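Everything on this sheet refers to the single structure shown next.
The values are calculated or read from the model by the stated rules, or taken from the named source; none is laboratory data. Keep in mind it's a predicted model, so treat the numbers as computed, not measured. Cβ coordinates were reconstructed from backbone atoms using ideal geometry, including for glycine residues, and neighbour counts include every protein chain displayed.
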Amino acid sequence: MMKTLLLSEEQTEQAAQIIKNGGLVAMPTETVYGLAADAFNGSAVADIFRAKGRPMDNPLIVHISDISQIYGIVREFPEKARLLAENFWPGPLTIILPKASAVPDEVSAGLDTVAVRFPSHPAAQRLISASCPLAAPSANLSGSPSPTSAEHVMKDMNGRIDAVIDGGVCDVGVESTVITLAAGVPRILRPGGITAEQIESVIGHVEIDRAVTEPLEKGQTAASPGMKYKHYSPKADVILLDGDDESFEKYINDNGDDKSAALCYNGQQERLSCVCIPIGDKGDYTAYAHNLFSALRRADDMGCERVFAHCPGKDGVGLAVYNRVIRASGFKIISL
Ligand code: TXA
Ligand code: MG
């Protein structure tokens, strides 16, 4: 087991040196913490997969801190990609484009395309600028909820990576929106903090991949390999309840026990008889996204066996919350 250093945001130089030596550093971003390695060092990138226990066929995102870096990473930078970059970078949007040959196969899991993102978190930008473009998946053990604080990263990765930069709690709280421009009509593969509505206002019609809201059917291949894995799951069972507030509260009060927790709105606690983890004001999907993964981790820390949650709407950032909770629940929804 290696010793994992906990660095402050001021220790960028030390972190950059670790990256240049082929090591792994967890860095804060505005979405979730990422586990970074030099994107052009295939063996360092392979170490990311080992540290996370991530299947090798699930490709990584390359993070940049200056638009000009994209030319070493993609073969084509079409007009729609330029427009998206102009409007949403730096920020929580990942764009998939044809891959340049300099990017090792470990990053793209052998695909001919590569995912690129320009994060807005200053600590991430400083680390990239002081080292190089960084390949980074979320810094959790594969399958568990993505980390939104340095503490979450330490819990999963202590002893498995070289260092963690503590940059506080992540703002968005769920992973970036992933859109592919590599084939035909632009298609959202994973919803996130930049909404489909925002993207359409810039480049016109986009498709939303079926796997965003539906389980893959047997034998179907995923446009985004990440979609086929069970994701974002706490140890507890997540049970999604679809119905009005009154039936939500009644269902939990009838079926919950001392091993149950409810993810609820602010103020709903008074009407629920189990442990409550409020995740924001009613219908505030931005707040739900910000709090979701830490709430799931908290339920596990409290030893809960069941977590009841509202089934969110699919508009705006709600689609990102829906996509994460439906995966966490294994696509089970109880209609009330
Ligand atoms: O916000 C984020 O995106 C965070 C932070 C650290 O930047 N990163 C993140 O990475 O969530 P990861 O590896 O957990 O998720 C990347 C997703 C996966 O679902 C993967 O399958 C997909 O992007 N992906 C990456 N490259 C792809 C490609 N070339 N084609 C299709 N899907 C790709
Ligand atoms: Mg991930």
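Below, the figures for the structure above:
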{"quantity": "Residue among SER138, SER224 that alone is within 15 Å of ligand 2 (Cβ to nearest atom), within 23 Å of ALA16 (Cα to Cα) and of a type in the set (Gly, Ala, Ser)", "calculated": "SER138"}
{"quantity": "From the options VAL275, VAL238, VAL202, VAL178, residue that is within 16 Å of ligand 2 (Cβ to nearest atom) and either surrounded by fewer than 18 Cβ atoms within 10 Å (Cβ to Cβ) or β-branched (Val, Ile, Thr) (or both)", "calculated": "VAL178"}
{"quantity": "Residue selected from the range 137-164 under the condition away from ligand 1 (no atom under 12 Å from the Cβ) and among the polar types (S, T, N, Q), by the criterion surrounded by the most Cβ atoms within 10 Å (Cβ to Cβ)", "calculated": "SER149"}
{"quantity": "Residue within the range 116-126 that is of a type in the set (Ser, Thr, Tyr) and in contact (Cβ under 8 Å) with a residue 40 or more places away in the chain present", "calculated": "yes"}
{"quantity": "Entirely in the range 1-103, the helices (runs of 4 or more DSSP H) that have 1 or more residues that are within 28 Å of GLN198 (Cα to Cα)", "calculated": "79-88"}
{"quantity": "Residue match in the range 165-181 (condition: assigned to a helix (DSSP H, G or I), more than 14 Å from ligand 1 (Cβ to nearest atom) and at pLDDT 95 or above)", "calculated": "no"}
{"quantity": "Residues of the range 307-318 classified as buried (at least 23 other Cβ atoms within 10 Å of the Cβ) and either of a type in the set (A, V, I, L, M) or in a helix (DSSP H, G or I) (or both), total", "calculated": "3"}
{"quantity": "The range 72-100, subset more than 10 Å from ligand 1 (Cβ to nearest atom) and of a type in the set (D, E, K, R), residue surrounded by the most Cβ atoms within 10 Å (Cβ to Cβ)", "calculated": "LYS80"}
{"quantity": "Which listed residue is under 18 Å from the mean Cα position of the chain (by Cα), without any contact (Cβ under 8 Å) to a residue 60 or more places away in the chain, in a loop (DSSP other than H, G, I, E, B) and outside the structural domain of GLY168 (by TED's automatic domain parsing), from ALA287, ALA222", "calculated": "ALA222"}
{"quantity": "Criterion (of a type in the set (A, V, I, L, M, F, W, C) and within 12 Å of the chain's Cα centre (by Cα)) met by exactly one of VAL153, VAL116, VAL172", "calculated": "VAL172"}
